[in-house]
1. Go through the residues of region 52-60 one by one and say whether even a single one is touching an Asp or Glu at 6+ places or on another chain (Cβ under 6 Å), in contact (Cβ under 8 Å) with a residue 24 or more places away in the chain, of a type in the set (D, E, K, R) and away from the ligand (no atom under 16 Å from the Cβ).
2. So how many residues does region 106-130 have that are in contact with an Asp or Glu (Cβ under 7 Å, 6 or more places away or on another chain), more than 16 Å from the ligand (Cβ to nearest atom) and within 25 Å of LEU43 (Cβ to Cβ)?
3. Which numbered condition in (1) modelled with pLDDT under 85; (2) assigned by TED's automatic domain parsing to the domain that holds ALA55 is the only one that PRO209 fails?
4. Quick one: how many residues across region 94-113 are without any contact (Cβ under 8 Å) to a residue 40 or more places away in the chain and under 14 Å from the mean Cα position of the chain (by Cα)?
5. Select, from ALA203, ALA215, the only residue that is over 20 Å from TYR106 (Cβ atoms) and modelled with pLDDT of 75 or more.
6. Restricting to region 32-45, and then to whatever is surrounded by fewer than 15 Cβ atoms within 10 Å (Cβ to Cβ) and of a type in the set (Gly, Ala, Ser), can you tell me which residue is farthest from LEU101 (Cα to Cα)?
7. For region 61-78, what are the residues that are touching a residue at least 40 places away in the same chain (Cβ under 8 Å) and assigned to a loop (DSSP other than H, G, I, E, B)?
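The values are calculated or read from the model by the stated rules, or taken from the named source; none is laboratory data. Keep in mind the model is a prediction, meaning the values are calculated, not measured. Neighbour counts are summed over all protein chains in view; Cβ atoms, including those assigned to glycine, are modelled from backbone coordinates with ideal geometry.
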Amino acid sequence: MKAWWRGGVAAGALAAALLGAGGAGAASTGPFGIEVRFLGAPLGAAPRSAVNEAARRVSALIASPFEPVRVDVPAGECDRGLPALRGRLTRLVVFVRVKRLDDDLYATGMPCDLHDGSFLPIYGVVDLNSSGLSDLPRTDVLDTMIHEFLHVLGVGTLWERDARVSLSGEQDERVFLRRQGKITLYVAPRAVAAFRALGGQGAGIPLDPDLGHWAGGSCVRRCCPVRPGSTRGGSIR
Ligand SMILES: [Zn+2]
């Protein structure tokens, strides 16, 4: 789904933005915020609070400020069925749309438009599968939404395969993939350091078969609490 942004493991530009280096000329406007706008089927109190908590937790990860931006986006511009978005935005707007998705999906997420310079997204969309949602424990909704909000921010979504310096090696002649039997490991030094700091072990980080996610089953829970949103097949979820 969402071919425009389809991609895999996050690379340098996003890391720079997350660490505050991306918006060199940006005025300091306070902490980064995410504004959730719910669409679609009504959401119960518990999953709604999980979505809002996920938004708070993910926004707290972003060191760069959200540079206020004026937008005039017609309805349906980013994805069919999305409403128009107009005015001055001071937070990342994420449409969380509750709708029926394929049975093997909990949710999908993607950014829609980016700031110049920092490449931090301006708005995005998460589709949350309405089927079975009421049976999901709150922690699974929280984990899923953290995963999808990170996709909205660009993690795993903003780089085409041939432009990911860390995967193809064509951009900077550095390749951070290593095969180990049937498993592909991601071995970029900073990523491995973060993985180890969270309790991960081994020569690198095991990836899912599509190379788009850390393999959920191989990670310690704290570093990869994303099982509900993990991939089956090739698209970003
Ligand atoms: Zn995903």
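1. First, the residues of region 52-60 that are touching an Asp or Glu at 6+ places or on another chain (Cβ under 6 Å): none.
So far as region 52-60 goes, no, none of its residues is touching an Asp or Glu at 6+ places or on another chain (Cβ under 6 Å), in contact (Cβ under 8 Å) with a residue 24 or more places away in the chain, of a type in the set (D, E, K, R) and away from the ligand (no atom under 16 Å from the Cβ).
2. 2
3. (2)
4. Kept after step one, since they are without any contact (Cβ under 8 Å) to a residue 40 or more places away in the chain, are these residues of region 94-113: 100-103, 112.
Filter once more, keeping what is under 14 Å from the mean Cα position of the chain (by Cα): 112.
Of the residues in that region, 1 qualify.
5. Values: ALA215 fails: over 20 Å from TYR106 (Cβ atoms).
The match here is ALA203.
6. ALA45
7. Restricting attention to region 61-78, the residues satisfying the condition of being touching a residue at least 40 places away in the same chain (Cβ under 8 Å) are 61-67, 69, 71, 73, 78.
Residues satisfying the conditions are LEU61, ILE62, ALA63, SER64, PRO65, PHE66, GLU67, CYS78.
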